[in-house]
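S.K.: Encoded as structure tokens, here's the structure I'll be asking about.
The values are calculated or read from the model by the stated rules, or taken from the named source; none is laboratory data. Computed from a predicted structure; not experimentally measured. Side chains are part of the model used for accessible areas, which takes the heavy atoms of the whole protein and leaves out ligands, DNA and RNA. Shrake-Rupley method; radii C 1.70, N 1.55, O 1.52, S 1.80 Å.
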Amino acid sequence: MTDIVEVVIEDDRWLVVDLTDLANRAVTLAFAAHGVAVKGYEIILLACDDAKIAELNAQHRGKSSATNVLSWPAFELAAKKDGALPQPLPKPSGPWAESLGDIAISFDTCNREAGESGADFSDHVMHLILHGCLHLLGYDHDRTADAVLMEGLESNALASIGIADPYSQNYLTGTAP
């Protein structure tokens, strides 16, 4: 598989997992859930810590706290109507891959959340990168029907590879439905 995701590791604790493999698998799942091919697109993933993600969260969202994952879409694809599908993804143009946007993920928050939920760390990271990529594809969870759509895509995609639904009690036991 050709790498879709360029991983920039700012915090060496991320070396406990093969983040490049996890990220590429998660992005491939997101594209499949959205029903489009990954060929011709690229994403940059910053693997950082809570201090860096809190700084980015404050700078870009006006929230001074750490979070698990942030994303910066290259295209405005959000659905106009609550629960509708996002706008179509522009076709890649030219000989180089089209940037879909950037994602940042915090080791501290991911590790804490995985520990608190009893989820496998790699499974949780896979979920969060999938979640961030769906944001890049135009999905959101601010409105109720949008959240139902996005969370359903995440749950189904993760179940297809044996990862428990992160929005159900099964997540605590690590079992897929």
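S.K.: Please enumerate, by chain and number, the lysines with C-alpha under 18 Å from the C-alpha of Lys63, excluding those fewer than 8 residues away in the same chain.
M.R.: Lys52
S.K.: How about Lys91: which lysines have a C-alpha closer than 24 Å to its C-alpha, ignoring those fewer than 8 places off in the same chain?
M.R.: In chain and number order, the partners are Lys39, Lys80, Lys81.
S.K.: For Cα pairs less than 8 Å apart in space and 6+ apart in sequence, what is the mean separation divided by the residue count of segment 78-173, i.e. the relative contact order in percent?
M.R.: Across segment 78-173, relative contact order equals 32 percent.
S.K.: Using a 1.4 Å probe and ignoring any ligands, DNA or RNA, find the accessible area of Leu153 and quote it in Å² to the nearest 10.
M.R.: For Leu153, solvent-accessible area is about 30 Å².
S.K.: Looking only at Leu85, Leu45, Leu70, which one moves most when the chain is put into a Gaussian network model with springs between Cα atoms under 10 Å?
M.R.: In this elastic network of the chain, the residue with the biggest mean-square fluctuation among Leu85, Leu45, Leu70 is Leu85.
S.K.: Sticking with this structure for a sec: If I build a Gaussian network model for the chain, linking alpha-carbon pairs within less than 10 angstrom, which residue out of Glu116, Glu42, Glu98 has the largest mean-square fluctuation?
M.R.: Taking springs between Cα atoms under 10 Å, the residue moving most is Glu116.
S.K.: Could you tell me which label, among [x] 46; [y] 22; [z] 28, carries the value of percent of Cα pairs over 27 Å apart calculated for this structure?
M.R.: Label of the calculated value: [y].
S.K.: Size of segment 76-152 along its principal axes in angstrom, Cα-based, largest extent first?
M.R.: 41, 35, 15
S.K.: What list of ³J(HN,Hα) couplings, whole Hz, do you get for segment 51-64 from phi and the Karplus terms 6.51, -1.76, 1.60, once you set θ to phi - 60° and write x for glycine and proline?
M.R.: Once rounded to whole Hz, the list reads 4, 5, 5, 5, 4, 5, 5, 5, 5, 9, 10, x, 10, 8.
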